[in-house]
1. So, residue 48, is that one in contact (Cβ under 8 Å) with a residue 12 or more places away in the chain and either at negative phi or assigned to a helix (DSSP H, G or I) (or both) or not?
2. I'd like the residue in region 51-72 that is of a type outside the set (A, V, I, L, M, F, W, C) and assigned to a helix (DSSP H, G or I) and, out of all such residues, is surrounded by the most Cβ atoms within 10 Å (Cβ to Cβ).
3. Quick check, is residue 291 out of contact with any helix residue (DSSP H, G or I) (no Cβ under 8 Å at 6 or more places or on another chain) and of a type in the set (Asp, Glu)?
4. Among the listed residues 69, 101, 73, which satisfies the condition of being in contact with a helix residue (DSSP H, G or I) (Cβ under 9 Å, 6 or more places away or on another chain) and touching a residue at least 40 places away in the same chain (Cβ under 8 Å)?
5. So if I check each of 25, 9, which one is under 30 Å from residue 298 (Cα atoms), in a helix (DSSP H, G or I), more than 19 Å from the chain's Cα centre (by Cα) and free of Cβ contacts under 8 Å to residues at least 60 places away in the same chain?
6. So for region 204-214 (the condition being part of a helix (DSSP H, G or I), at pLDDT 95 or above and under 14 Å from the mean Cα position of the chain (by Cα)), does at least one residue qualify?
7. Does residue 234 satisfy being at pLDDT below 95, among the small types (Gly, Ala, Ser) and within 21 Å of residue 166 (Cβ to Cβ)?
8. Could you count how many residues in region 243-267 are surrounded by 16 or more Cβ atoms within 10 Å (Cβ to Cβ) and assigned to a helix (DSSP H, G or I)?
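The values are calculated or read from the model by the stated rules, or taken from the named source; none is laboratory data. Since we're looking at a predicted model, the values are computed, not measured. All Cβ positions, even for glycine, are placed from backbone atoms using ideal geometry, and neighbour counts span all protein chains on display.
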Amino acid sequence: MMSQFTPDAAVLAGAVLVALAVDRAFGEPPARVHPVVWMGAYLGAAGRRVSRVAGGLPRPGAEFWGGALAWCLGGSVVIAMAAGAVSVVQDLHTLWQALLLGLLLKPLLAWRMLRDEVQAVEAALGESLGAGRARLAWLVSRDVDVLDAGQVRESAIETLAENLNDSVVAPLFWFAVAGLPGAALYRFANTADAMWGYRGERQGRDWTWAGKWAARADDALSWVPARITAALLALPGTVARWRALPAQAALTPSPNSGWPMAAMALALDVRLAKPGVYTLHPAGRSPQAADTAQALQRAARVVWALGLTAALVAAVALISFAKAFA
């Protein structure tokens, strides 16, 4: 039994190491070959068919089931393509499997891009408030023109914490659970939520019903990873911080995004707020430039921890496999 399990564990762990190494060295692949870009293209085209024009006559049933069917169709194609890729490499040597699966996994996670974008907001803010707002607009959909410097940093740190889960921890979690198809389906679900999961109007379309399935699917798939991300960000937090975390996380409308954001707010002892929606750790201070740097360091430690865990799993799996044939 051990000899049957360990090669697969070594391949999965090795693929994670390859993906993280490629991400660190090269960042994102070109858009023309990026699977998440392809997912977005499909979702954009399908979304225009299943959602209604803002102000149009509501059709709740047709919009909901149209969105659900379009999501399921796209998700099925993503799973099939990922499973097909796995079938091509599964008979190769363990090292080749790990290398090729790692290359296929890489576009499904994006730590370097997230880090660089948050750093770019802080650098722009150092030039002027207007520059900081303009750069933040690349990352968030809220109105940035009314934000002061502290609120710009709050938004950037929130984005870092939330997307650490969406772009790193959750894809790796589902890769560990269900291999490449699991990671691919998660990225599809998360992309669909980002494009469709709105309560009301966005970009001339009404997503109240058409995006409901996408939003709930992302909630379900993100539930466990979001809490893992929060725990990793909170370490080695005090007892008081651990006790405060659930209540603070519950202040956001999302059942998941509040967990990593609240963990980051408590760990840095800063206030993180979205005006008119929520305020996390209201007793905290307004974040400064040093807090953005500390947030990036804390997030980087989470990524390093995941990499070290993968390295340990690969090492133990290979040693156990070797002993089985000694």
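1. Spelling it out, residue 48 is indeed in contact (Cβ under 8 Å) with a residue 12 or more places away in the chain and either at negative phi or assigned to a helix (DSSP H, G or I) (or both).
2. Out of the qualifying residues, it is 67.
3. On the way: out of contact with any helix residue (DSSP H, G or I) (no Cβ under 8 Å at 6 or more places or on another chain): no; of a type in the set (Asp, Glu): yes.
So residue 291 fails the test.
4. 101
5. Values: 9 fails: free of Cβ contacts under 8 Å to residues at least 60 places away in the same chain.
Going through 25, 9 in turn, the sole match is 25.
6. No, that holds for no residue.
7. On the way: at pLDDT below 95: yes; among the small types (Gly, Ala, Ser): yes; within 21 Å of residue 166 (Cβ to Cβ): yes.
The answer is yes for residue 234.
8. Selection size over region 243-267: 14.
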